[in-house]
Structure formats: structure tokens, C-alpha cells
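Accompanying notes for the structure given below.
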Amino acid sequence: MKVTNMNWRDVEAAAARDTRCVLPIGSTEQHAQLSLCVDMILAEKVATDAAEPLDVPVFPVMPFGLAPYFEAYPGTISLRVETLMAVMRDVIASVRRAGFRRILIVNGHGGNNPVGALAQELMGDYGDTSIKFHNWWNAPETWAKIQSIDTSGSHANWMENFAWTRLAHAPAPDGEKPGIDMALMKASAPARVRDMLADGSFGGAWQRPDDEMQAIWDVGVAETRAALEGPWPEFSRG
């Protein structure tokens, strides 16, 4: 149930009926030949697919996150850590004011992990709100499914190549790309990262069969829905 299809009265009624809501967050950054918006596309879609049968509101996806290592690639937008923390603090405060007390943050970008620490901090501050931080792609069951198909799953390779993240004018290359030195990449400035990555993929196959990707997606949606279903602590509506 996307908030884009709701008005304020609808949101008020939803919060009175059920104090759960979903906040998807992603990133706008290079993903080789795939869309710059892969992480936000996947976070929003997995959140929406998971929440739809439960009639739980899904707020618009946060499109920008922490991606300083890709700043040498045009189109990448990276927030400062303090900026993302301030934005998410304000967003959570706003949905809480609307009456939501059980908030699932569905994250599509590993660089956004500091938001998980913020969630813990805010739960201590509020005392009447539960916030879960869910990295959909590396939640246990989803990651196990990915690994069962191909252990090379990583940034901008086959693992993020779904029908809904591809660009018609930029087909995936054939074959596989050699892996990179991850330790060196993490210790390098953005210009050096671009030199190392070239197209932007971390290595491995650029694409795998759609039936395998759908199987991963089905597990990811189910695991995200399970996180939304509970367990949640009980809070009064006062």
C-alpha cells in the first residue's frame, strides 16, 4: 500500500488501524550498465511487494544514501553521514507523529548501515516505538538463496540484475568479470576506485537467468514480509 496512492486521511486511518509502516531507503550510485537507481528500485519494490497483502503503508523510498567511494562516477550522489542521519531522524519522527509505532526500514544499500545504529538510538530516546532495520538482500534466508546459486553475488553484477533494474539501451556484457581486490578498493580514494572497477561491477557474471533471479526475489519478499509481520513489542496508543 504505497503512500503515493493515499491522502492524509487515509494515512491517519491506517495508523489508527495498524501502527506498522515501512520506510524503504536506497542509493543513487553507479551500478555498471544497470540503472543508477538500482538500490532504491529494489528497496521500494521489495518493501511494496512484502507489505501489499498486509495493507501496511509504504512511504516513498529515500533515494540518496552513503556512497562516497563511487563519487568519481557521474550520477552518483552521496550524502554526508550526518546528513543521512539527520534526514532519517526527521523522517522517523514524522511517521511517529502520524501514529506509527512499529517501523520497518527496508534498506537496499550496504553503505546505509549506520541507519541501523540510529534506529537503536531512537528506540532508546522514544521508549514507545520499535524500529527494525532490514537489509533485504543479505537477510539470512535471502543471502543463503543467493549463495546457493552463485557465491560471486556482489555489487553491480548478476545479483542486482533484475528485469526491473536493467536498461534497454545497455545490455549486460557476456561472460564474467574477474574479481577485484576488495581490501585495496576499500582503502582507496574515489578516483582510484574508478580506475580499479572500470565499468563498476565488483566482478563475477553480469547476468544470470531470470528464473533464478525470480527465485531470489520470492525469498527476499517473503523474508521482508516476515520481518514486517513480527515479532513486535506491544505499545499503548496513548
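The values are calculated or read from the model by the stated rules, or taken from the named source; none is laboratory data. Just so it is clear, the model here is predicted, and its values are computed rather than measured. Ideal geometry is used to build each Cβ from the backbone, glycine not excepted, and the neighbour counts take in all protein chains shown. Just the protein is used for accessible areas: all its heavy atoms, side chains included, with ligands, DNA and RNA removed. Shrake-Rupley method; radii C 1.70, N 1.55, O 1.52, S 1.80 Å.
Each residue of the stretch 144-155 in order: what ³J(HN,Hα) in whole Hz does its phi give by Karplus 6.51 cos²θ - 1.76 cosθ + 1.60, θ = phi - 60°, with x for Gly and Pro?
4, 5, 4, 5, 5, 8, 6, 6, 7, x, 6, 4
Can you compute the charge dipole magnitude of the chain about its Cα centre, using +1 on each Lys and Arg Cβ and -1 on each Asp and Glu Cβ, nothing else charged? Give it in debye, rounded to the nearest 20. Mind showing how you got there, number by number?
On the way: 21 positive and 30 negative charges, 133 e Å.
Roughly 640 debye, rounded to the nearest 20.
Can you give the calculated 222 nm mean residue ellipticity of the chain, where each DSSP H run of n ≥ 4 adds -39,500 (n - 2.57) and the sum is split over every residue, rounded to the nearest 500 deg cm²/dmol? Intermediate results must be reported in sequence, preceding the final value.
Numbers: 8 runs with 97 residues, N = 238.
That comes out to -12500 deg cm²/dmol.
Quick one: order Glu29, Glu212, Glu82 from most to least accessible surface, probe 1.4 Å.
Result of the area sort, largest leading: Glu82, Glu212, Glu29.
Pick out which of Leu23, Leu54, Leu104 has the largest mean-square fluctuation in a Gaussian network model of the chain, springs linking Cα atoms closer than 10 Å.
The residue with the greatest mean-square fluctuation here is Leu54.
Specify whether the C-alpha gyration tensor of the stretch 174-238 places it in the rounded, prolate or oblate class, a ≥ b ≥ c being the square roots of the eigenvalues: rounded for a/c under 1.5, otherwise prolate if a/b is larger than b/c and oblate if not.
oblate
At what distance in angstrom do the alpha carbon centres of the stretch 38-81 and the stretch 168-238 lie from each other?
Going from one Cα centre to the other spans 12 Å.
Can you list the lysines whose alpha carbon sits under 16 Å from that of Lys132, skipping same-chain ones fewer than 8 residues off?
Partners found: none.
Angle between the Cα long axis of helix 8-17 and the longest principal axis of the chain, 0 to 90 degrees, nearest 10?
Value to nearest ten degrees: 70.
Return one number: the angle in degrees, 0 to 90 and rounded to the nearest 10, between the long axis of the Cα atoms of helix 210-229 and the longest principal axis of the Cα atoms of the chain.
30
Select from Gly200, Gly108, Gly220 the residue whose mean-square fluctuation is largest in a Gaussian network model of the chain (Cα-Cα springs shorter than 10 Å).
Residue with maximal mean-square fluctuation among Gly200, Gly108, Gly220: Gly200.
Using only Cα atoms and rounding to the nearest 10 degrees, what angle (0 to 90) does helix 81-97 make with the longest principal axis of the chain?
The answer is roughly 30 degrees.
Based on DSSP, what percent of beta bridges with both residues in the chain are antiparallel, to the nearest 5?
Taking every DSSP beta bridge with both residues in the chain, the antiparallel ones total about 15 percent.
Given an 8 Å cut-off on Cα distances and at least 6 residues of separation, report the relative contact order of the chain as a percent.
25
List every residue whose amide H lies under 5 Å from the amide H of Lys177, counting only residues 5 or more places away in sequence or on a different chain, with H placed 1.01 Å from N in the peptide plane.
Gly204, Ala205, Trp206
Taking trypsin sites (Lys or Arg not before Pro) as candidate sites, keep only those in a DSSP loop with at most 11 other Cβ atoms within 10 Å, then name the longest stretch of the chain containing none of them. Don't skip to the end; give the middle numbers.
Working: sites that count: Arg80, Arg237.
So the longest stretch without any such site is 81-236.
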